[in-house]
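Just below is one structure, and these are the notes that go with it.
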Amino acid sequence: MPAYAQDEPRPGRRRRREDDGPFPDERPTDILPAIQEAPLARRPGAAPLPPQSPPQGSEEEYDEIFGDDAYDDTYDEYGEYEDYDEYEDEQGLDDDDRAEPERIEDARPERNAPPPKKRKKKRALGWVAALAVLVLLAGGAFYGFNAIFGYDDYEGVGESDVLVQVEKGDSTSAIGNRLQAAGVVASGKAFVKAGEDNTAVSRLQQGYYVMKTKMSGASAVDKMTAAASKVGQVEIRPYTQFHDITQPDGKVTPGVYTLLSKASCADLNGTSTCIPVEELRKTIETADLAKLGVPSWAVESASKAEHKDRRLEGLIAPGIFNVKPGWTAEELLTAVVKTSAERILNAGLSDQSKGDGKTPYETLIIASIIEREAVKADFGKISRVIYNRLDEKMRLEMDSTVNYVLDRPTLLTKPEERDKAGAYNTYKSVGLTPTPIAVPSAEAIQAALKPMAGEWLFFVKCEKNGLSCFTVTNDEHNKAKLDAQRRGVY
């Protein structure tokens, strides 16, 4: 609609006033043509529109309908341009001067019109991009799934031999990672997954295992849990000495030398790593004891040992040792001696902790004699007998010291053996032996540090379970011996 002020009369119409009077009851419907709408507002600078024709019908009829003088007002408004040609002439206008109507194209696309080809191309590119994103997401999901749940694995039972070390406290995952680092399995997970239902995997102990490179996880589990794969482990028990002991029935109890030599053995790709006993013996005879790891308080006394191959006697602590097949004799002994020194210290023996009036090395010798002479229940009493005899300047008269150099395990000795002179023959010599005579336990060391209170000077095995009878006088001692023999104790 044209824009007019609210109170401005529109062409061909005017606002009704209150004094115009009421509309007639009946309005004529056939005497006037349809009243044309007022012209639209025109663009500034456009040529004026031609005047419209005056209203049709008589003046009286028009005024009767629209009010007094309505015809005159309307006619005058249109009559000003009765002759439009004359108006153009007056204004100097021509048809060519008329402004061309400005066409404003509708930018909205037709509803049913197909999209342009260029839009199809963009949509196709969009689908390609979306597909690429989906591929990337799928690839990332697969990679993430494979990283969490998937793993690499070899096939078969492996190729060449390789040693793998398991440390104390290693979990199954840690062992798997060690196997992967050594080239045994393609991934740690291959070993972990293969061993999930095998309880033997959770019981794997620290030490060295002979494995093969490029094994499947299942093959690695089977081989590692096999007893033959564990190498380099040796258990040295209390009472053991460096030399082998020949039993009364002819059987040989291996000593420290034999045990360490055997522990050094492994077959790696057809080559043996065994260190012969003789090589270990020569290393002990010539080695710098301090460099081997012998405690400082024992270096001097051990170096003066009469038998050079026994210089480390008593300085090897009991327990399990893991030695690496392929080590040299010096590397193996150094590892064992250093571990033993730590264990001896943990047992309570040191420069600051030693037997009353004794050096740490003398205390160690006492502990070794206690170990060889009695069962654990009697350790404290045996220790007291030794201290009492030393205080009284009495010979110890211990059969264990005589049998030490004879490499025999029995507590009994023959008269000719007791008469034979020697540093370890306590029937002839006063005081302690030059070196310990066996591997002492932590309990024997504690007994040597703190002997039980008592005045005993004698003891004899009087029970079949190994317990001894302790006496103060020699007469009491002889009676106890006869009683034990009568009962068949020995």
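Of the set (1) open to solvent by 10 Å² or more (accessible area, probe 1.4 Å); (2) outside any helix (DSSP H, G or I); (3) not acidic (Asp, Glu), all apply to THR334 but (2). A single entry from VAL231, VAL192, VAL210 fulfils the requirement of being open to solvent by 30 Å² or more (accessible area, probe 1.4 Å), of a type in the set (A, V, I, L, M) and touching a Ser or Thr at 6+ places or on another chain (Cβ under 9 Å): VAL192. Here is the figure for region 222-265: residues that are closer than 19 Å to PRO436 by Cα and in a strand (DSSP E or B) total 3. Within region 405-421, residues that are under 17 Å from GLN241 (Cβ atoms) reach partners that are of a type in the set (Phe, Trp, Tyr) with beta carbons closer than 7 Å, at six or more positions or on different chains, in the pairs VAL405/TYR424.
In region 451-465, the residue that is farthest from LEU364 (Cα to Cα) out of those that are surrounded by 14 or more Cβ atoms within 10 Å (Cβ to Cβ) and touching a residue at least 40 places away in the same chain (Cβ under 8 Å) is LYS461.
Do we find a residue being touching a residue at least 40 places away in the same chain (Cβ under 8 Å), more than 12 Å from LYS381 (Cβ to Cβ) and among the small types (Gly, Ala, Ser) anywhere in region 473-489? No: zero hits.
Applying the set (1) in contact with a helix residue (DSSP H, G or I) (Cβ under 9 Å, 6 or more places away or on another chain); (2) buried (at least 18 other Cβ atoms within 10 Å of the Cβ) to THR286 leaves exactly one unmet item: (2).
For region 423-450, a tally of residues being touching a helix residue (DSSP H, G or I) at 6+ places or on another chain (Cβ under 7 Å) and open to solvent by 30 Å² or more (accessible area, probe 1.4 Å) returns 3. For region 449-461, filtering for residues that are farther than 19 Å from ASN403 by Cβ and in contact with a Lys or Arg (Cβ under 8 Å, 6 or more places away or on another chain) leaves 7. Residues in region 376-401 that are in contact (Cβ under 8 Å) with a residue 60 or more places away in the chain, in a loop (DSSP other than H, G, I, E, B) and open to solvent by less than 10 Å² (accessible area, probe 1.4 Å): there are none. So how many residues does region 195-207 have that are assigned to a helix (DSSP H, G or I), open to solvent by 10 Å² or more (accessible area, probe 1.4 Å) and touching a residue at least 12 places away in the same chain (Cβ under 8 Å)? Looking only at that region, the number is 2. Scanning region 383-430 for residues that are farther than 18 Å from GLY357 by Cβ, polar (S, T, N, Q) and in contact with a Leu (Cβ under 8 Å, 6 or more places away or on another chain) yields SER400, ASN403, THR426. Just so you know, in region 411-422 the residues that are open to solvent by 40 Å² or more (accessible area, probe 1.4 Å) and under 60 Å from the mean Cα position of the chain (by Cα) include one that is modelled with the highest pLDDT, and it is LEU412. For region 338-359, filtered to residues that are surrounded by 23 or more Cβ atoms within 10 Å (Cβ to Cβ) and of a type outside the set (A, V, I, L, M), the residue that is farthest from LEU390 (Cα to Cα) is SER340. If the condition is being closer than 21 Å to ASP288 by Cα and without any contact (Cβ under 8 Å) to a residue 60 or more places away in the chain, then region 335-367 contributes ALA335, VAL337, LYS338, THR339, SER340, ALA341, GLU342, LEU345, SER350, ASP351.
Could you check region 435-449 and list, in sequence order, the residues that are farther than 17 Å from ILE245 by Cα, in contact with a Pro (Cβ under 9 Å, 6 or more places away or on another chain) and either modelled with pLDDT under 95 or not in a helix (DSSP H, G or I) (or both)? SER441 - this is the single residue of region 435-449 that is farther than 17 Å from ILE245 by Cα, in contact with a Pro (Cβ under 9 Å, 6 or more places away or on another chain) and either modelled with pLDDT under 95 or not in a helix (DSSP H, G or I) (or both). The one condition from (1) at pLDDT below 95; (2) part of a loop (DSSP other than H, G, I, E, B); (3) exposed (fewer than 14 other Cβ atoms within 10 Å of the Cβ) that GLN485 does not meet is (2).
The values are calculated or read from the model by the stated rules, or taken from the named source; none is laboratory data. Note that the structure is predicted; figures quoted are calculated from it, not measured. Virtual Cβ from ideal backbone geometry, glycine too; neighbours counted across all protein chains shown. Just the protein is used for accessible areas: all its heavy atoms, side chains included, with ligands, DNA and RNA removed. Shrake-Rupley method; radii C 1.70, N 1.55, O 1.52, S 1.80 Å.
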